[in-house]
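Structure first, commentary second.
The values are calculated or read from the model by the stated rules, or taken from the named source; none is laboratory data. The shown structure was predicted, so the numbers you read here are calculated from the model rather than taken from an experiment. Cβ coordinates were reconstructed from backbone atoms using ideal geometry, including for glycine residues, and neighbour counts include every protein chain displayed. With ligands, DNA and RNA removed, areas are computed over all heavy atoms of the protein, side chains included. Shrake-Rupley method; radii C 1.70, N 1.55, O 1.52, S 1.80 Å.
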Amino acid sequence: MSHVKFHLGYFTKFGATSWPGDGKEFGSNWIDGSYHKELAQILEAAKFDFILFEDTLIVGDRYGGSMELDLKNATLSPKLDPIPLLPVMAQGTSHIGLIATASTTFYPPYLLARLLSTVDSLTGGRAGWNMVTSSEKNAALNFGIDKLLPSNVRYDIADEYVDLAKQLWNSWEDGALVADPESGVYVDHTKVHTINFEGEHFRSRGPLNTVRSPQGHPVLCQAGASERGRQFSSRNAEVVLGMMTGGVAGMKAYRDDIRRRAERQGRNPDDIKVVFLTPVNIIPEGKEQPEMSEAEKQAAFEHNIVMASSSLDVDFSQYDLDSPVPQDIVAGGHTSALDHMKKAGREEGKSLRDLFSSGKGGNKARFSGTAEQVASQLIEVMDEVGGDGFLIEGSGYNRQLPDLVNGLIPALQKAGAVRTEYTGTTLREVLREF
Ligand SMILES: Cc1cc2nc3c(=O)[nH]c(=O)nc-3n(C[C@H](O)[C@H](O)[C@H](O)COP(=O)(O)O)c2cc1C
């Protein structure tokens, strides 16, 4: 049987991905970029389409009003800005795409358009931008903003932001840089244009004072889940990050919805790749899933509750952690994730501690087993969903990597489900190969 051929991304952070560890293992040296440079080489050898870096602009202290658990476990911080990392990773690789997250709420558009154009040039056309509007109130406070605008308004502003950034990126035509010693012209000024952008939220004269980058602009990427978020991603994004909520049916419905919305907005849905975030749990042949120790469960709990307190904007320390999930929790942030948690409390009697104690390494992953078994599971789901790929969650523990690149990827390649080589060079070309 022939399968849907699908794309693979790797989701991680520019932070301490090997903690807790003994400090000597691969990944302990992240601050100078050397770990991520090597990671990019390893993932390129396995023919991943891209690496994607998350980002937020806070030290997490939503849980109990304390930074302790975030900093103790290196959950949200410390981290470095992912954007300068992309050119570092580009050195020593030649094809893998490099995507960084940056917020439309906090970056001035001219600066970000110039920065991302620069990074696209420095990476030889392999850069991408994960567009987020940011949901943490404490991030706003770092910029002297007392309160974030409602999510829908942030997306309205982000739509205009993208329009402006695109005009800036297009303010230099192809071929403007002539560098012709005969005529003595470096740049043909007739191919560089002011834009005089006048929007509701932004004004910008333009042009950019940099050259057009290899891709024209970075590949645009986004994860809209809400109605408004989906409208934004289907209008603007080339890579859409989906969640696996609702199982295979939910994934298929999500992808179909994004494609339908894109078509209604005059886009070719095939120009959009929907990739679904998932952990994978590979158990080497003949080995058993090791039981998590109490200490590991506690570390996972602390990590997960810090993440959720921040992204949902809930101080979970105010609620009973050990009885079924309280139904009166109110979220400032994403409510759909909270609805799922409440449902697990109502229907299965799960407590917050139960929900937050599963492993970072994906012990409860839907895709679990030997490399061959996980490969078959991924293929089966993708065949049903119809495309376009998975965004593999870097587990935080780099012990996952050898099983991933030496076990799972070859098994997927053998089945003809993923690429065995790159034929394109830029990230956009790589994504559009199939
Ligand atoms: C795979 C994935 C990665 C994300 N990365 C980030 C990130 O790095 N920073 C951030 O502020 N939000 C991030 N988000 C949140 C999204 O930008 C978005 O707010 C979320 O998916 C909810 O969608 P909504 O805004 O339509 O409610 C991510 C979401 C997903 C699914």
Which of the residues spanning region 144-171 are assigned to a loop (DSSP other than H, G, I, E, B) and buried (at least 17 other Cβ atoms within 10 Å of the Cβ)?
Leu148, Asn170, Ser171
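Identify all residues within region 193-224 that are out of contact with any Gly (no Cβ under 8 Å at 6 or more places or on another chain), assigned to a loop (DSSP other than H, G, I, E, B) and either basic (Lys, Arg) or over 27 Å from Thr425 (Cβ atoms) (or both); write none if there are none.
Our first condition is that a residue be out of contact with any Gly (no Cβ under 8 Å at 6 or more places or on another chain); within region 193-224, this holds for 198-212, 216-217, 224.
Subsequent filtering for residues that are assigned to a loop (DSSP other than H, G, I, E, B) retains 199-202, 205-212, 217, 224.
Listed by number, the residues that qualify are Gly199, Glu200, His201, Phe202, Arg205, Gly206, Arg212, Gly224.
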For residues that are in a strand (DSSP E or B) and open to solvent by 20 Å² or more (accessible area, probe 1.4 Å), scanning just region 268-284, find the one that is farthest from Leu52 (Cα to Cα).
Ile282
Got a sec? Which of Ser183, Ser171, Ser151, Ser204 is of a type in the set (Gly, Ala, Ser) and closer than 30 Å to Leu391 by Cβ?
Ser151
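Residue by residue, here is whether (1) under 20 Å from the mean Cα position of the chain (by Cα); (2) modelled with pLDDT of 90 or more; (3) not assigned by TED's automatic domain parsing to the domain that holds Asn130 holds:
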| site | (1), (2), (3) |
| --- | --- |
| Glu302 | no, yes, yes |
| Ser309 | yes, yes, yes |
| Tyr319 | no, yes, yes |
| Ser323 | no, yes, yes |
| Ser336 | yes, no, yes |
| Lys343 | no, yes, yes |
| Glu347 | no, yes, yes |
Can you tell me which residue within region 417-434, out of those that are open to solvent by 40 Å² or more (accessible area, probe 1.4 Å) and not in a helix (DSSP H, G or I), is nearest to His3 (Cα to Cα)?
Phe434
So for region 6-22 (the condition being under 20 Å from the mean Cα position of the chain (by Cα), more than 15 Å from the ligand (Cβ to nearest atom), modelled with pLDDT of 95 or more and buried (at least 20 other Cβ atoms within 10 Å of the Cβ)), does at least one residue qualify?
yes
So how many residues does region 85-130 have that are surrounded by fewer than 22 Cβ atoms within 10 Å (Cβ to Cβ), part of a helix (DSSP H, G or I) and of a type in the set (Val, Ile, Thr)?
2
Identify the single condition in (1) open to solvent by 50 Å² or more (accessible area, probe 1.4 Å); (2) part of a helix (DSSP H, G or I) that Gly332 does not satisfy, given that it satisfies every other one.
(2)
The lone condition Lys191 fails out of (1) within 32 Å of the chain's Cα centre (by Cα); (2) within 21 Å of Pro218 (Cα to Cα) is (1)
When the residues of region 218-242 are filtered to those that are over 20 Å from Asp55 (Cα atoms) and more than 7 Å from the ligand (Cβ to nearest atom), which remaining residue is most open to solvent (accessible area, probe 1.4 Å)?
Glu227
Residues being within 13 Å of the ligand (Cβ to nearest atom) and among the aliphatic types (A, V, I, L, M): count how many of those fall in region 119-148.
5
